[in-house]
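The structure appears below as structure tokens.
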Amino acid sequence: MKLITAIIREPQLDQVRESLIASGITRITVSRVSGHGAQRKEEIYRGKRIVPNLIPKIRIDIAVNEAFVDPTIDAIVEAARSHDGMDGEIGDGKIFVTPLEQVVRIRTGERGGAAI
């Protein structure tokens, strides 16, 4: 089992969600977050360096069994990548894949892959 966490641009959420559904991934958690990485643009205003505030983003968390890791990643990348260039653009986002040790469905008490 893996936990896939994607940080994407806000306007891409509907496209990513539709892409995930088309790939058979229907259970997701979405949060509004803010931050910056390489997308941060420093500007010079009246001779002073200005660093903008944190940029609003969307965080998507998806718990999947091993067989769904690659299809989930592929669906997110395809839908979230800017299509202006083959490599996308700075700020398109990141995907993190971490091991998921245990999942428990509270309603039934099921554990492991069956609980996903």
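Restricting to segment 18-30, name every residue that is without any contact (Cβ under 8 Å) to a residue 12 or more places away in the chain and closer than 13 Å to Ala80 by Cβ. The answer is none; no residue qualifies. When segment 72-95 is filtered for residues that are outside any loop (DSSP other than H, G, I, E, B) and of a type in the set (Asp, Glu), the ones remaining, listed by number, are Asp74, Glu78. For segment 53-71, a tally of residues being part of a strand (DSSP E or B), in contact (Cβ under 8 Å) with a residue 60 or more places away in the chain and among the β-branched types (Val, Ile, Thr) returns 1.
Every condition in (1) open to solvent by 80 Å² or more (accessible area, probe 1.4 Å); (2) modelled with pLDDT under 90; (3) in contact with a strand residue (DSSP E or B) (Cβ under 8 Å, 6 or more places away or on another chain) is met by Arg59 except one, and the failing one is (2).
Which of (1) modelled with pLDDT of 95 or more; (2) part of a helix (DSSP H, G or I) is the odd one out, the single condition Thr98 does not satisfy? Exception for Thr98: condition (2).
Taking segment 72-107 as the search range and keeping residues that are free of Cβ contacts under 8 Å to residues at least 12 places away in the same chain and surrounded by 12 or more Cβ atoms within 10 Å (Cβ to Cβ), which one is nearest to Arg27 (Cα to Cα)? Per the stated criteria, the residue is Arg105.
The values are calculated or read from the model by the stated rules, or taken from the named source; none is laboratory data. Fair warning: this is a prediction, and the values are worked out from it, not measured in the lab. Cβ sites come from the backbone with ideal geometry, for glycine too, and all protein chains shown count toward neighbours. Note: accessible area is taken over every heavy atom of the protein model, side chains too, but ligands, DNA and RNA are not part of it. Shrake-Rupley method; radii C 1.70, N 1.55, O 1.52, S 1.80 Å.
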